Amino acid sequence: MKLACIDIGLKRIGIAICLSLNIVSPLQAIIRKNRNQASYDVSMMLKDWEIDTLIVGYPSASLEMQTRIKHFIKLIKFDGKIIFQEENMSSVEAKELIKGTFKHKRDGRIDSLAAKIILERYLLENL
């Protein structure tokens, strides 16, 4: 089974994949210009990697972001299984992991590392 995880933000979408053996790798984040471009880019990534299941980071603390995420997911063209996974503190954890490694650029590295953390949590809880 091929899994992908997205961490949806207002400016960037972090991406991580797991293609085999529970090895999770972050991919380059998608920079959002608008929701249609971002949903198309996510749809193409899922198709290109032949993903079976999409794990979506879901914030239990923010009702506004939950609504935005649900709306965004409806825009994605994907026939596989979609699972929402609690993302509690994943971005904070990602920032801590790379602290001092490089300056906090807004290129999506932290977002994709957060997606990797969310996917690893899913795997630990479900496999």
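Listing for the model above:
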| quantity | calculated |
| --- | --- |
| Order of D7, D52 under a 10 Å beta carbon neighbour criterion, fewest first | D52, D7 |
| Above-threshold pairs, the threshold being 22 Å between Cα atoms, out of K2/K33; K11/K74; K11/K81 | K2/K33; K11/K81 |
| Dipole of the stretch 1-56 [Lys/Arg +1, Asp/Glu -1 at C-beta], most positive-end residue of L3, I31, L21 | I31 |
| ³J(HN,Hα) computed for each position of the stretch 33-50 - Karplus, 6.51 cos²θ - 1.76 cosθ + 1.60, integer Hz, glycine/proline x | 9, 7, 5, 5, 5, 5, 5, 5, 4, 5, 4, 5, 4, 4, 5, 4, 8, 6 |
| 3J(HN,Hα) from dihedral phi, the stretch 75-88, Karplus parametrisation 6.51/-1.76/1.60, rounded to Hz, x for glycine, proline | 7, 7, 8, 7, 9, x, 7, 10, 10, 8, 10, 3, 10, 2 |
| At most 16 other Cβ within 10 Å, DSSP loop - trypsin sites (Lys or Arg not before Pro), the stretch 1-88 | K2, K11, K33, K77 |
| Net lengthening on full extension, I23/E120 (0.36 nm per residue, minus Cα-Cα) | 34.1 nm |
| Cα gyration tensor shape for the stretch 1-47, rounded if a/c is under 1.5, else prolate or oblate | prolate |
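Readers should treat all values here as calculations from the given coordinates under stated rules, not as data from a laboratory. What you see is a predicted model; the values in this text were computed from it and never measured. In this analysis, Cβ positions are derived from the backbone assuming ideal geometry, glycine residues included, and neighbour counts consider all displayed protein chains.
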